[in-house]
1. Restricting to region 344-384, give me the number of residues that are open to solvent by 80 Å² or more (accessible area, probe 1.4 Å) and within 19 Å of the chain's Cα centre (by Cα).
2. Within region 115-126, take every residue that is out of contact with any Leu (no Cβ under 6 Å at 6 or more places or on another chain) and under 26 Å from Tyr395 (Cβ atoms) and give me the one that is surrounded by the most Cβ atoms within 10 Å (Cβ to Cβ).
3. Taking the condition of a type outside the set (A, V, I, L, M) and crowded, with 23+ Cβ neighbours inside 10 Å, does Thr62 pass?
4. Mind telling me which of the residues Glu404, Glu419, Glu354, Glu382 ends up being part of a loop (DSSP other than H, G, I, E, B) and among the acidic types (Asp, Glu)?
5. Restricting attention to region 387-395, does a residue exist that is part of a strand (DSSP E or B), modelled with pLDDT of 95 or more and at negative phi?
6. Which of the following residues is among the acidic types (Asp, Glu) and crowded, with 17+ Cβ neighbours inside 10 Å: Glu233, Glu211, Glu181?
7. In the list Glu167, Glu130, which residue meets the criterion of being touching a Lys or Arg at 6+ places or on another chain (Cβ under 9 Å) and open to solvent by 10 Å² or more (accessible area, probe 1.4 Å)?
8. One residue is enough: does region 300-311 have a residue meeting the conditions open to solvent by less than 60 Å² (accessible area, probe 1.4 Å) and at pLDDT below 80?
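The values are calculated or read from the model by the stated rules, or taken from the named source; none is laboratory data. Just so you know, these numbers come straight off a predicted model, no measurement behind them. With ideal geometry, Cβ positions are generated from the backbone for all residues, glycine too; neighbour counts draw on all protein chains shown. SASA here: full protein model, heavy atoms, side chains in, ligands and nucleic acids out. Shrake-Rupley method; radii C 1.70, N 1.55, O 1.52, S 1.80 Å.
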Amino acid sequence: QVREWKNEGSKRYMCTGRPGWLTVSLRVGKYKKTHKNIMINLMDVLEVDSERQVVRVEPLVTMGQLTAHLNPMGWTIPVVPELDDLTVGGLIMGTGIESSSHIYGLFQHTCVAYELVLADGSLVRCSPTENSDLFYAVPWSCGTLGFLVAAEIKMIPAKKYIKLHYEPVRGLRKICERFAEESKKKENSFVEGLVYSLDEAVIMTGVLTDEAEPKKINRIGNYYKPWFFKHVEKYLKADRTGIEYIPSRHYYHRHTRSIFWELQDIIPFGNNPIFRYLFGWMAPPKISLLKLTQGEAIRKLYEQHHVVQDMLVPMKSLEKSIQTFHAGLNVYPLWLCPFILPNNPGMVHPKGDETELYVDIGAYGEPKTKHFEARASMRQMEKFVRSVHGFQMLYADCYMTREEFWDMFDGSLYHKLREQMNCKDAFPEVYDKICKAARH
């Protein structure tokens, strides 16, 4: 298809032909209507190499599909981003994170090679030792350097359960201290925080295990079970710590049934025990279905009165960041997920030369601040994140100007490669694909 586009005289930009409503991002890009759509229906797990401990997959393989495929073979991947429908391609070209990222980094840091079809129609493999510039430039590039057709991801042995420890913490400073402390411990397989108000949170730490105390097993993924964030909140209300053994796959997809806490705005009675018992098996609705069926008025309403943002900030700025989120948005719960950010080349790396501990703050829901105005409020947030050398996830609404965007991200390698590989006539720049103006 790319060669055909070339023979036709490369008249317009190319993009993947997957319809915008199918993606998990809330954005439906208008570029799909004007660009040349290249159909890439690659959705298979290609090989599981136990010796190299690597799984090779196509870009449309989803997290739900991958864990279902690998777990029975005794394997999993180090970072399993939360929602079942997230695809490998999206997690590499965008980004992905999970509560094991304080050990392994972002999803891209667990990949050992990519295969791409470039603007000239050639197929290339890149890794840290082969075409390494391209390997480091691909993550966060949103499909603007080439089409991803396969990826190799590290595997680790799977275990049956996660032994999860819940700890309620009060006081913002104490929350940040405890969270940073637990995130630095490599013996924790998983670290996650749910912040329920400016000074109340539950910090969860988990360890992989094959043994479990039968009385403490909690199959949180069963359809009739309470939504996970509500279950966690009970420990805060009762002001007590607790330990549970959660089957691994249930843990990896613990926020899937309630789409974190987005579902409470869509189905307010969704966590009612009667509803869960009778209709819980129907939840969650596919995000793609919600996007496909929502009208223009609802979409505008969402944009103005609803926020879905992930900001990645250095752990040392966590306290200041939560205060800024509180003042600008006042959305709770906030999701905290720590991750290690290595000093690799590419768009996203720490300010210094050292690997640094960062944290993803996820704000999903209806802002409770008075006079919330989407554009002005988000521009303030973006400015703050740039000031602490943080990053905004690109699936969300981005209100930055081009200059501000390239101030936040390091474009040196990206622009060099776009020049070298003649991408300028083949693909739009990443900013033009994700910024506010690129919305329909």
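1. Count: 0.
2. As a first pass, look at region 115-126 and keep what is out of contact with any Leu (no Cβ under 6 Å at 6 or more places or on another chain): 115, 118-123, 125.
Cutting the leftovers down to under 26 Å from Tyr395 (Cβ atoms) gives us 115, 118-119.
Details: Glu115: 19, Leu118: 17, Ala119: 22.
Within region 115-126, the match that is surrounded by the most Cβ atoms within 10 Å (Cβ to Cβ) is Ala119.
3. On the way: of a type outside the set (A, V, I, L, M): yes; crowded, with 23+ Cβ neighbours inside 10 Å: no.
No: the conditions fail for Thr62.
4. Working: Glu404 fails: part of a loop (DSSP other than H, G, I, E, B); Glu419 fails: part of a loop (DSSP other than H, G, I, E, B); Glu382 fails: part of a loop (DSSP other than H, G, I, E, B).
Of the residues listed, the single one that is part of a loop (DSSP other than H, G, I, E, B) and among the acidic types (Asp, Glu) is Glu354.
5. From region 387-395, those part of a strand (DSSP E or B) are 391-392; that's our starting set.
When the remaining residues are screened for being modelled with pLDDT of 95 or more, the result is 391-392.
Add one more test, that the residue is at negative phi, and what stays is 391-392.
So far as region 387-395 goes, yes, one or more of its residues are part of a strand (DSSP E or B), modelled with pLDDT of 95 or more and at negative phi.
6. On the way: Glu211 fails: crowded, with 17+ Cβ neighbours inside 10 Å; Glu181 fails: crowded, with 17+ Cβ neighbours inside 10 Å.
Going through Glu233, Glu211, Glu181 in turn, just one is among the acidic types (Asp, Glu) and crowded, with 17+ Cβ neighbours inside 10 Å: Glu233.
7. On the way: Glu130 fails: touching a Lys or Arg at 6+ places or on another chain (Cβ under 9 Å).
So the residue among Glu167, Glu130 that is touching a Lys or Arg at 6+ places or on another chain (Cβ under 9 Å) and open to solvent by 10 Å² or more (accessible area, probe 1.4 Å) is Glu167.
8. Keep residues of region 300-311 that are open to solvent by less than 60 Å² (accessible area, probe 1.4 Å), which gives 303, 306-311.
Now restrict to residues that are at pLDDT below 80: 303.
Yes.
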